[in-house]
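What follows is calculated from the coordinates using simple rules that are stated; it is not laboratory data. Just so it is clear, the model here is predicted, and its values are computed rather than measured. Backbone-built Cβ (ideal geometry, glycine too); neighbour counts: all protein chains shown.
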């Protein structure tokens, strides 16, 4: 079977030697750019390649780009090929625990037209908790060819968002915590608050206490309640920099809901221009 949302440690371990599978370590900390590479060197899932959030899964920041702009996707496709990922490869991404970093790689592959990608449910924390194998060897996969087939319907640009964000036909969904959404706290970006009209669905609400995703039925009920009357496929997801919003999109896939779109620039791009409106406080009822 193909895995397109989540995979358990017990399902992954027997496939670690499968040439048609590729595991990618996405561990990262926003406060320590060297963290991911350091913990990867200390030990990782056998055969896992390493993807750095800032160097592989994002491009350098430019004026007005937001904090994690997408890399050149043809170049990223070349990186995938160099890691042994072809168009038929089953890709598994993981991070420390929540899946928030791994979800960025999951979404990027979906954007490239690659559906055979899943996130390890519970991440490295769950893997270690179950005492599954580790290694510190850096693999040397045989190169493959990865041909990108961009799904432009998976994202929305700032220009297009400006034309629809007040529309009753769309719903913006902010994946940040309530404190940041309401403008009570903003530890990273220069302006506090949210895009007017947005709903708030903190990505951590997708998880159970052990760091694994809630069951599909529970997630579906919660997500539909958060979306209100907006059809799932008409939702537009954002966060601080286009990373944690992918977690909500992954939760939708796990729940069996139609896909929404990602606003990659997210709040860090939106708030960079003081002419763009800002809203604070709880989400307002929609007309």
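Of all DSSP beta bridges located in the chain, what percent are antiparallel, nearest 5? Don't jump to the answer; show the numbers that get you there.
Values: 4 of 25 bridges.
For the chain, the DSSP antiparallel bridge percentage is about 15.
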Picking from 192, 208, 51, which is most flexible by a Gaussian network model of the chain using Cα springs under 10 Å? 208
What nm distance separates the two modelled labels at residue 19 and residue 217, each placed 7 Å from Cα along Cα→Cβ? 4.3 nm
Three principal axis extents, largest first, for the C-alpha atoms of segment 156-219, in Å? 39, 30, 17
Please report the spacing between the Cα centers of segment 225-287 and segment 61-126 in Å, no decimals. 19 Å
In 10 Å bins starting at 0, how do the alpha-carbon pair distances of the chain split up by percent? 7, 30, 36, 21, 6, 0
Per 10 Å bin, what percent of the C-alpha pairs of segment 155-270 does each bin hold, from zero upward? 15, 49, 31, 5, 0
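Given contacts defined as C-alpha pairs under 8 Å and at least six residues apart, what's the relative contact order of segment 176-280, whole-number percent? Write down the numbers at each step before the final one.
Values: 154 pairs, mean separation 33.8, N = 105.
That works out to 32 percent.
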Between the Cα axis of helix 216-227 and the main Cα principal axis of the chain, the angle (0 to 90°, nearest 10) is 30 degrees
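Note the full-extension length gain between residue 34 and residue 233 as 0.36 nm times their separation in residues minus their Cα-Cα distance, in nm to one decimal. Walk me through the numbers before you get to the answer.
Details: separation 199, 0.36 × 199 = 71.64 nm, distance 3.67 nm.
Result for the pair: 68.0 nm of gain on full extension.
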Give me the number: length gained by fully extending residue 129 to residue 273, i.e. 0.36 nm times residue separation minus the C-alpha to C-alpha distance, one decimal in nm. 47.3 nm
Connecting every pair of Cα atoms under 10 Å apart in the chain and solving the GNM, the largest mean-square fluctuation among 228, 78, 163 falls on 163
Per 0.36 nm of contour for each residue apart, how much would the distance between residue 61 and residue 136 grow if the chain were fully extended, relative to their Cα-Cα spacing? 23.9 nm
Cα pair distances in segment 66-165, grouped into 10 Å bins until the bin that holds the longest one, percent each: 14, 37, 34, 13, 3, 0
The chain: angle of helix 245-254 to the longest principal axis, Cα-based, in degrees nearest 10: 70 degrees
Rounded to the nearest 0.05, what FRET efficiency do residue 10 and residue 224 give with R0 = 35 Å and r taken as the Cβ-Cβ distance? Could you check? 0.75
Given a 10 angstrom Cα cut-off, can you work out which residue in 171, 224, 120 is the most mobile in a GNM of the chain? 224
To the nearest 10 degrees, the tilt of helix 100-111 (Cα long axis) against the first principal axis of the alpha carbons of the chain is 90 degrees
